[in-house]
1. Would region 399-407 turn up any residue that is exposed (fewer than 15 other Cβ atoms within 10 Å of the Cβ), closer than 30 Å to residue 72 by Cα and assigned by TED's automatic domain parsing to the domain that holds residue 463?
2. Exactly one condition in (1) outside any strand (DSSP E or B); (2) out of contact with any Ser or Thr (no Cβ under 7 Å at 6 or more places or on another chain) is not met by residue 99; state its number.
3. Could you count how many residues in region 310-335 are more than 13 Å from residue 484 (Cα to Cα) and basic (Lys, Arg)?
4. Is it the case that some residue within region 270-291 is touching a residue at least 60 places away in the same chain (Cβ under 8 Å) and buried (at least 18 other Cβ atoms within 10 Å of the Cβ)?
5. In this structure, is residue 549 assigned to a helix (DSSP H, G or I) and of a type in the set (Gly, Ala, Ser)?
6. Right, residue 327: without any contact (Cβ under 8 Å) to a residue 24 or more places away in the chain, over 15 Å from residue 448 (Cβ atoms) and touching a helix residue (DSSP H, G or I) at 6+ places or on another chain (Cβ under 7 Å) or not?
7. Residues in region 359-378: is at least one within 30 Å of residue 481 (Cβ to Cβ), in contact with a strand residue (DSSP E or B) (Cβ under 6 Å, 6 or more places away or on another chain) and not polar (S, T, N, Q)?
8. Which condition does residue 393 not pass, out of (1) small (Gly, Ala, Ser); (2) out of contact with any strand residue (DSSP E or B) (no Cβ under 7 Å at 6 or more places or on another chain); (3) in contact (Cβ under 8 Å) with a residue 60 or more places away in the chain, if it passes all the others?
Amino acid sequence: MLSEEYILITKERTIAGKLITLETGRMAKQSDGAVLARVGDTMVLATVVSSKTQREGADFVPLSVEFREKFYSSGKIPGGFLRREARLSDREILICRVIDRQIRPLLPKNWYYETQVIVSVLSYDGENQPDMLGTVAASAALSISNIPFEGPIASVRAARIGGEYIVNPTYSQFDESDLDIIVAGSKDSIVMVEGELKEVSEDDFLGAVKVSHEAVIELIELQEELVAEIKPEKREKPVEEVDETFVAAVKEKIGDEMNNILSIVMKQERGDKEDALVSEIVASLEETYPECEDEVKKIIHDVHKEIIRKKILENGIRVDGRKTNEIRTITSEVSVLPRVHGSALFTRGETQALVTVTLGSSRDAQFLDNIDGKDEKVYMLQYNFPPFSTGEARMIRGVSRREVGHGNLAERSLKPVLPSNEDFPYTLRIVSDVLESNGSSSMATVCGGCLAIMDAGIPIKKMVSGIAMGLITDGKSHAVLSDILGEEDHYGDMDFKVTGTEDGITAIQMDLKIQGLSFDLMKTALEQAKEGRTFILNKMKEGLSEPRATLSEWAPRITTLHIDVEKIGAVIGPGGKVIKEIVAKTGVDIDIDQDGTVHIFTQDAAKAKEAEEIVAGLVAEPEVGRIYDAKITRIMDFGAFAEFMPGKEGLIHISEMGWERTNSVQDVVREGDEVKIKLMEIDRQGRNNLSMKRTENPPEGYVEPERKPRNDRNSNYSRDRRNNNRRN
């Protein structure tokens, strides 16, 4: 029996061919809002809680979003010593960012209450992806809570297979798709787009967005049905009290000084002048308004924003004097670091990225442990944003979510042009260290990464460039900005990053701070972005226009050979003994694929050749009539056993040791001696008969002695040879 307080509400609808179910009232009832969402056998639970008191001194919405993949959801036990879910994986962090960027603009800007959204994957069927289901559940949980959330909102994934757009495809369908994008929106417009594409045109991309938005509308309608039945009572939006007299006094002190400051091109100098203005105003008002520095900064911030936006909309002039479609000065340098495999220093205005490339073997691949199972990653791009890049001094506490997100965008941008692992069997690590930042450091990473890859001699298919676009609008007029500055990002209404080749888009990320963007305006931004990408691409070619003909001299070389699958065990040996001995002897790294492909990694060509010969010897079949180098392994009265190939032994009968009569085996060879032999015969029992004397021509006048019948031979010889073959 259910308690009287237990009120289960369920709404469901078939969207894009899949039944979507939203449920509330059964789980996590002490949260402000909780929704269990399901598609197929994939289920996620989204909960939201907001504190009752405001955070002191907050000047931003203190929202935190957590996305957690429970390993039990797919019947798996986590790896590692603890065998429990630990720190978030990069994939979980990226999904957190996707959810955050959708819901944050829909909370009041002065909502200074700690708000936490937690999305947990409770069941995963391996096909229906939980990330987009999680965003819908999070929006629904906020919508039915008492938080003044201006939703609902929804997002979907889109793919294209054979020219047909598919909304929320299964995991396996992405292998055939030429695009993988996330589209989020309200009923009226698009608010966020992110994803990777295989050189897809702007028009085809917009087609995917339009199809996706139709599904987004249906998902919002499903949430609205849930909200309509619950009828949540919302908390009052905070109202900030404004001292108009104080504001007027500060603005009077500012006068025309802000216009003068904003005419300074250099970011640091402009910032120093603004800080000085704050100090001057605070000092002049301190007696009447003590401890007013924070309030003065807020007013100056608003004046700063107003002037920047007005100059752009009315005059088409930006902070640094550029026109709306003008790109900053670009310089590209390659081979800036002498011992790395590939390097580039890409500078655009006051943004600079030092990007390096390192090549390794498959043993250097990154191992992934998630609810899909264990996997490995042979291509990775890592982005670092140190505090000195913006002239700050602060603690470095590990990799931030922003760094993970920017690195992922750059990684996706370059991925479509890289050679396949079959053609280029290296592990590839790209690292971008941002040395200066004033807008669009992720796009500098893309450009610098492309140059560093070519500098390393990696045969990429095409060059890739990237650009960050901005938008300023007052509802009546608008201006689309190319290559935005940090301030234009901060004070503007859109951050729209587009990367691609001359033939199409490879990655995209768009975030809006306003209530949506029309398709016409998005098309205008895409067309302007394409012009900017082409301009930047031509500037990059001045630094390096094509991949170097050979790999860096410091990069490891790969020797590849193919062996019979049935021979893999012979190369590896029991417990890996044989392959470990080869590595210890030659100093190379060896990887063997399941199809019998052997990769030998080393910078020493002689060592690579040595290892190759050892491997080839292990899998080679003996050839009758061929001369081999051999080593005497055992001495018998009737002859000597010699190893002439790895793991292959044969008998050199005493009569085959020399053209002259041999009275004693030890008169000719001793154990450990290295000799040349000729494989004379492989008998019916697989025994190898060897000869030392027949590696040379017989002496002049030599007469072959008459051989005794086999049954007259020493019976001990036959018995000992049989025993020897059993041992082998």
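The values are calculated or read from the model by the stated rules, or taken from the named source; none is laboratory data. Just so we're clear, the structure is a prediction, and the values are computed from it rather than from any experiment. In this analysis, Cβ positions are derived from the backbone assuming ideal geometry, glycine residues included, and neighbour counts consider all displayed protein chains.
1. Scanning region 399-407, I find at least one residue that is exposed (fewer than 15 other Cβ atoms within 10 Å of the Cβ), closer than 30 Å to residue 72 by Cα and assigned by TED's automatic domain parsing to the domain that holds residue 463, so the answer is yes.
2. (2)
3. Summing the residues that are more than 13 Å from residue 484 (Cα to Cα) and basic (Lys, Arg) in region 310-335 gives 2.
4. For region 270-291, residues touching a residue at least 60 places away in the same chain (Cβ under 8 Å) and buried (at least 18 other Cβ atoms within 10 Å of the Cβ): absent.
5. Taking the combined requirement at face value, the residue does not satisfy it.
6. Considered against the rule, which asks whether it is without any contact (Cβ under 8 Å) to a residue 24 or more places away in the chain, over 15 Å from residue 448 (Cβ atoms) and touching a helix residue (DSSP H, G or I) at 6+ places or on another chain (Cβ under 7 Å), residue 327 comes out as no.
7. No - not one qualifying residue is present in region 359-378.
8. (3) is the only condition that residue 393 fails.
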